[in-house]
Amino acid sequence: MRAMVLEKPKEPLELRDVPKPKAERGQLLVRVRTCAVCRTDLHVVDGELPNPKLPLIPGHQIVGRVEAIGEGADPKFHIGDRVGIPWLRLDGWRLCVLPIKEGKSL
């Protein structure tokens, strides 16, 4: 897959081909349709937040479609479902993935 990658703060992002992830146990693989870059991402790119885990693909407010479902993932999700992944986490470890009905927004 192609992504804009940050190798070092205060340097331009680089367009790269990176390995496509797989849906591991309990996970969904989401094909990103839209991804927002917020001010937190820009703080990292600008070197204003210490010790980012690099390399980094900025962006964390995502809308896309479920492409693969890992074993043990929430059964309410199906291949092709439109989902949104906001910045906040439910319990500090798991990402919050929300189904999106047509005509609705996050």
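Looking at segment 1-32, which of its residues are surrounded by 11 or more Cβ atoms within 10 Å (Cβ to Cβ) and part of a strand (DSSP E or B)?
3, 4, 5, 6, 14, 16, 28, 29, 30, 31, 32
Mind listing whichever residues of segment 60-73 are at pLDDT 90 or above and either assigned to a strand (DSSP E or B) or in contact with a strand residue (DSSP E or B) (Cβ under 8 Å, 6 or more places away or on another chain) (or both)?
63, 64, 65, 66, 67, 68, 69, 70, 73
Give me the residue from segment 50-59 that is in contact with a strand residue (DSSP E or B) (Cβ under 8 Å, 6 or more places away or on another chain) and not hydrophobic (A, V, I, L, M, F, W, C) and, out of that set, modelled with the highest pLDDT.
Step by step, filter segment 50-59, then rank; the result is 55.
For segment 79-95, enumerate the residues that are in contact with a strand residue (DSSP E or B) (Cβ under 7 Å, 6 or more places away or on another chain) and either at pLDDT below 95 or within 22 Å of residue 5 (Cα to Cα) (or both).
Filtering segment 79-95 for residues in contact with a strand residue (DSSP E or B) (Cβ under 7 Å, 6 or more places away or on another chain) gives 79-87, 89, 95.
Selection gives 81, 82, 83, 84, 85, 86, 87, 89, 95.
The values are calculated or read from the model by the stated rules, or taken from the named source; none is laboratory data. Everything quoted here is computed from the prediction, not taken from an experiment. Because the Cβ atoms are built from the backbone with ideal geometry, glycine has one as well, and the counts that use them run over all protein chains shown.
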